[in-house]
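Novice: Once you've had a glance at the structure underneath, I'll fire off some questions.
What follows draws every value from the coordinates through simple rules; no lab data is involved. None of these values were measured; they are calculated from a predicted model. Here the Cβ positions follow ideal geometry from the backbone for every residue, glycine too, while neighbour counts run over all protein chains shown.
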Amino acid sequence: MSIFLLKVLLKLMFVPKHMYSLSGGLPHEAYCIEKDGDRWHFYYSERGVKSTIAYYDSEREVAKAFFKKIRECKR
């Protein structure tokens, strides 16, 4: 899965945009993906603090993990 496909799926699932960021940053209480050198950083942002969930070597891996986490939160 690519970041582009992930973005499409999140829209189709009506996931509120405030719940995530696919371009990193420090949004309040949101799951985020950020390219960090050769790796992808998957983290939770809360009050300006990044809490790492995991690092991944590929876009496909991080998108899959991110999608799984969002699906768990939507239940």
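Novice: Dimensions of the stretch 3-74 along principal axes (Cα, Å, largest first)?
Specialist: So the three principal-axis extents are 30, 28, 18 Å.
Novice: To continue, here is another question. May I ask you to list the lysines whose Cα is less than 21 Å away from that of residue 35, ignoring any residue fewer than eight positions away on the same chain?
Specialist: 7, 17, 50, 64, 68, 69
Novice: For the peptides 2-9, 44-51, 26-33, what is the packing order when you average, over each peptide's residues, the other Cβ atoms within 10 Å and list the highest mean first?
Specialist: 26-33, 2-9, 44-51
Novice: For the stretch 32-75, report the convex hull volume of the alpha-carbon atoms normalised per residue, in Å³, without decimals.
Specialist: Dividing the Cα hull volume of the stretch 32-75 by its residue count gives 61 Å³.
Novice: At 222 nm, what helix-only mean residue ellipticity would the chain give, in deg cm²/dmol to the nearest 500, using -39500 (n - 2.57) for each DSSP H run of four or more? All intermediate terms of the calculation are to be shown ahead of the outcome.
Specialist: On the way: 2 runs with 26 residues, N = 75.
Per the formula, -11000 deg cm²/dmol.
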